[in-house]
1. Mind checking whether some residue in the range 162-175 is more than 22 Å from Ser96 (Cβ to Cβ), surrounded by 24 or more Cβ atoms within 10 Å (Cβ to Cβ), free of Cβ contacts under 8 Å to residues at least 24 places away in the same chain and not β-branched (Val, Ile, Thr)?
2. Return yes or no: is Ala139 within 22 Å of Gln178 (Cα to Cα) and small (Gly, Ala, Ser)?
3. Inspect all residues belonging to the range 60-73 and state whether any of them is in the same structural domain as Arg130 (by TED's automatic domain parsing), over 21 Å from Leu149 (Cβ atoms), under 17 Å from the mean Cα position of the chain (by Cα) and modelled with pLDDT of 85 or more.
4. All but one of (1) of a type outside the set (Val, Ile, Thr); (2) modelled with pLDDT of 95 or more; (3) more than 19 Å from the chain's Cα centre (by Cα) hold for Ser43; state the number of the condition that does not hold.
5. Looking only at the range 83-106, decide whether some residue is within 24 Å of Leu183 (Cα to Cα), buried (at least 19 other Cβ atoms within 10 Å of the Cβ) and not polar (S, T, N, Q).
6. Please enumerate the residues belonging to the range 44-68 that are among the basic types (Lys, Arg) and either surrounded by fewer than 11 Cβ atoms within 10 Å (Cβ to Cβ) or farther than 11 Å from Pro185 by Cα (or both).
7. Going by what's in this entry, would Val86 be described as touching a helix residue (DSSP H, G or I) at 6+ places or on another chain (Cβ under 8 Å) and β-branched (Val, Ile, Thr)?
8. Within the set of pairs 6 or more residues apart or between chains, which connect a residue that is in the same structural domain as Val147 (by TED's automatic domain parsing) inside the range 177-196 to a residue that is hydroxyl-bearing (Ser, Thr, Tyr) and surrounded by fewer than 15 Cβ atoms within 10 Å (Cβ to Cβ) with Cβ atoms less than 6 Å apart?
Amino acid sequence: MAGVVPASHDFASCAMRKRPSPRRAFLALPLLIGLCVTARAQSPAEKQAATDHMLDALKAAPDEQSAARLEGQLEQTWLRAGSPAVTLLMSRGLRSLQAGQDNEAVGSFSDAIVLQPNVAEAWHQRALARYHAGDVNGAIHDLEETVRLEPRDFAAFRTLTDIAAGREDWKGAYAAWQKVMELDPKTPNGEERLRLLKRRAVGEDT
């Protein structure tokens with residue numbers, strides 16, 4: 001993730017500090033429900049073209065409401081990016097995560113990764129499960145793989161922000177949130193959070 005976090009405040013070094021208390025506020029039920037929606041099968045090229053179009057639209061969204069709608073559509077697209085077997089495993093993992101069964105969720109997402117390791121969202125969801133299970137090093141590794149596979153994954157950078165903030169690594173959190181704002185300028189409450197993180201990272205008057 002070169003260019004995202006200053007070298008002296010990277011997330012790998014962050015992982016060596018005190019382990020954060022897991023939080024469980026990230027799962028939105030619509031993500032789980034959306035996996036059950038049947039859609040016309042698309043070719044990989046069609047899926048990529050649709051994703052590129054939505055990401056371009058997200059970057060140019062005129063307001064927070066439009067951005068929130070596009071965020072949801074992209075998250076659904078990424079969750080369904082794999083084969084039917086992978087999508088089933090993703091659904092199973094999300095249910096486990098929603099129920100607080102973190103180890104079971106890690107297992108389901110790991111199985112999805114074995115079947116189709118190029119599905120970035122499988123890595124992202126396993127990162128969330130690992131984080132909530134207290135495996136911060138594993139979560140950071142999975143997030144690095146997520147953004148390697150999909151450098152425009154605003155949600156993964158949001159998760160990186162949350163992990164860094166939970167560890168009071170304000171420079172790392174600020175750098176990651178800057179990336180969120182680059183990809184998703186109108187993300188709800190984005191400017192407010194950017195100002196707060198900047199204040200904590202570099203000072204009120206900087």
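1. no
2. Numbers: within 22 Å of Gln178 (Cα to Cα): yes; small (Gly, Ala, Ser): yes.
Criteria met by Ala139.
3. No: the range 60-73 contains no residue that is in the same structural domain as Arg130 (by TED's automatic domain parsing), over 21 Å from Leu149 (Cβ atoms), under 17 Å from the mean Cα position of the chain (by Cα) and modelled with pLDDT of 85 or more.
4. Going through (1) of a type outside the set (Val, Ile, Thr); (2) modelled with pLDDT of 95 or more; (3) more than 19 Å from the chain's Cα centre (by Cα) one by one, Ser43 breaks only (2).
5. Scanning the range 83-106 turns up no residue that is within 24 Å of Leu183 (Cα to Cα), buried (at least 19 other Cβ atoms within 10 Å of the Cβ) and not polar (S, T, N, Q).
6. Once the filter is applied, which keeps residues that are among the basic types (Lys, Arg) and either surrounded by fewer than 11 Cβ atoms within 10 Å (Cβ to Cβ) or farther than 11 Å from Pro185 by Cα (or both), the range 44-68 yields only Lys47.
7. Criteria met by Val86.
8. Once the first residue is in the same structural domain as Val147 (by TED's automatic domain parsing) and sits in the range 177-196, no partner that is hydroxyl-bearing (Ser, Thr, Tyr) and surrounded by fewer than 15 Cβ atoms within 10 Å (Cβ to Cβ) comes close enough.
The values are calculated or read from the model by the stated rules, or taken from the named source; none is laboratory data. Here the structure is a predicted model, which is why all the values come from computation and not from measurement. With ideal geometry, Cβ positions are generated from the backbone for all residues, glycine too; neighbour counts draw on all protein chains shown.
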